[in-house]
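Every number here is computed from the coordinates shown, using simple stated rules; none is lab data. For clarity, every value in this text was computed on a predicted model and none was experimentally measured. So basically every Cβ, Gly included, is an ideal-geometry build from the backbone, and we count neighbours across all protein chains shown.
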Amino acid sequence: MIFLLKIFLLLRFFIFSAGTAFPADMGIDSHTIRVSIFQKQISLKLRTHSKVYALDPSGRKYMLLGNSNYEIKPGGGDIVLITRQALKLPVKLFSMDGDDRININGKAYKGDIYIKPDTDDRLAVVEEIPLEEYLYGVLPFEMSSSWPLEALKAQAVASRTFAIKNMSPSKEYDITSGIETQVYNGSAKLDAGVISAVNSTRGEILKYNGKIITAFFHACCGGRTTSVSSAWGEGLIKPLYGAGDPFCKNSPNYSWQAYIPKKELLSFIQKKGSTALKLKSVRILKKDRSGRAVSVRFVTDSGGHTVPARDFRRHFGEYGLKSTFIIRITPVKSGYQFAGRGWGHGVGMCQEGAKQMAINGRNYKRILNHYYPGAKIENIHAKERLQGDKVIR
Ligand SMILES: [Zn+2]
């Protein structure tokens with residue numbers, strides 16, 4: 001008894017009971033998404049509000065106290081240490097009060113948390129959360145919650161479609177939480193406009209010829225969206241073919257300028273395999289139908305060198321090169337001035353255009369129809385629900 005009390009006092013945990021591992025019927029909404037929220041962690045800071053259960057694969061339950069701080073660290077192999085208690089991975093954390101949040105590394109999460117082993121003896125964290133609640137944590141970061149409701153509703157449908165399209169039960173998680181997919185930052189920043197946009201479009205997704213589309217979106221297209229095939233070589237369908245956009249022209253990202261020093265350009269092509277020591281000129285070699293650069297040609301003392309515009313943009317993004325929609329390149333002192341339009345990859349919905357359409361009085365269906373022409377808004381049916389069912393590993 002004294003021993004158990006010691007565990008309770010020192011580790012602020014106790015073994016609760018043995019039971020079945022990870023029951024499959026935990027959430028009220030069976031349509032959940034698994035979001036990779038942290039990777040390669042050597043330490044996680046956990047803050048509880050109400051009591052939290054930690055469940056190991058054998059079904060052993062531990063209880064973490066409410067209003068407490070815990071440190072989670074890799075314990076080598078398939079072991080994790082929560083404070084000093086060793087548990088076998090993967091560990092599931094869930095709040096005693098179903099609606100309460102668990103705070104990890106300063107961010108609040110409402111779903112069930114899975115601590116899993118990652119490479120190099122580190123930890124990965126996956127949150128499993130009902131799809132609609134996940135969207136509450138996407139919209140404020142992918143669009144501003146202060147934007148008009150119809151634009152937020154269009155974003156909710158696009159983000160929901162994008163999330164469903166990403167679901168893959170055979171993988172460790174369905175979607176990441178950064179800009180490479182769509183940004184998700186947990187459940188802290190809930191706002192009435194966001195909740196209303198998600199709830200009023202609940203279950204609505206975009207389909208074309210009966211198939212869910214990859215509902216790409218980006219900040220600003222600069223007057224014309226581009227096709228999914230020219231951006232990534234993906235199979236072309238009508239809703240992702242690209243469209244003219246008269247709506248985003250007042251956006252601050254509609255046009256931009258970027259200065260890049262010659263020596264940076266030279267070092268970039270050297271990394272790409274060029275042996276050049278002197279740069280003579282830079283030009284766009286090939287453009288796609290929307291006017292975006294496909295390839296950039298560098299003429300140097302050791303001949304010509306061509307680079308995919310996508311790589312060029314990725315490399316010089318921090319110099320203010322916001323897109324591959326480069327319309328002018330001007331040689332200036334010790335470098336080049338690039339003038340261009342739009343921000344982002346340019347495929348699918350232009351968020352700043354969507355905002356303006358909503359200001360102009362268009363509803364979300366009109367907005368979606370403009371940016372994904374031919375796509376139909378349909379409700380998620382049972383088959384897609386199955387894709388989102390809990391997967392236990
Ligand atoms: Zn646009």
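Quick look at the values:
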item	result
Dipole-positive endmost among Thr225, Ser200, Phe162 within the chain (Cβ charges, Cα centre)	Thr225
Axial C-alpha extent at least 15 Å, average Kyte-Doolittle at least 0.0 - helices from the chain (DSSP)	149-166
Fraction of alpha-carbon pairs over 17 Å apart in the stretch 255-341 - percent	41 percent
Computed helical MRE - 222 nm, the chain, DSSP H runs ≥ 4 contributing -39500 (n - 2.57), nearest 500	-6000 deg cm²/dmol
Packing-based ranking, highest mean first, of 372-378, 125-131 given that Cβ atoms within 10 Å are counted	125-131, 372-378
Net charge dipole size for the stretch 255-341 [Lys, Arg +1 and Asp, Glu -1 on Cβ; Debye, nearest 20]	220 debye
Relative exposure of Met143, Met167, Met96, Met63, judged by other C-beta atoms within 10 Å (fewest first)	Met96, Met63, Met167, Met143
Burial ranking of peptide ranges 266-278, 73-85 (average Cβ count within 10 Å, highest at the top)	73-85, 266-278
Relative contact order of the chain, defined on C-alpha pairs under 8 angstrom at six or more residues apart (%)	16 percent
Burial ordering of Thr225, Thr306, Thr48, fewest other beta-carbon atoms within 10 Å first	Thr306, Thr48, Thr225
Computed magnitude of the charge dipole of the chain (debye, nearest 20; Cβ of K, R +1, Cβ of D, E -1)	1480 debye
Overall dimensions of the chain as given by Cα atoms, namely Rg and Dmax in Å	24.6, 81
Nearest-20 debye value, the stretch 140-196 charge dipole, Cβ charges on Lys, Arg, Asp, Glu	100 debye
Which of Lys249, Lys110 has the fewest Cβ neighbours within 10 Å, and the rest in rising order	Lys249, Lys110
Sequence-distant residues sharing a close amide H with Gly222 (under 5 Å, placed H)	Gly342, Trp343
Label-point separation in nm, Lys211 to Tyr259, each point 7 Å along Cα→Cβ	4.8 nm
Cross-link pairs Lys92/Lys355; Lys286/Lys355; Lys286/Lys322; Lys286/Lys365; Lys88/Lys171 - those with Cα-Cα distance over 29 Å	Lys92/Lys355; Lys286/Lys355; Lys286/Lys365
Inter-label distance for Asn105 and Glu71, nm, one decimal - labels placed 7 Å from Cα along Cα-to-Cβ	1.7 nm
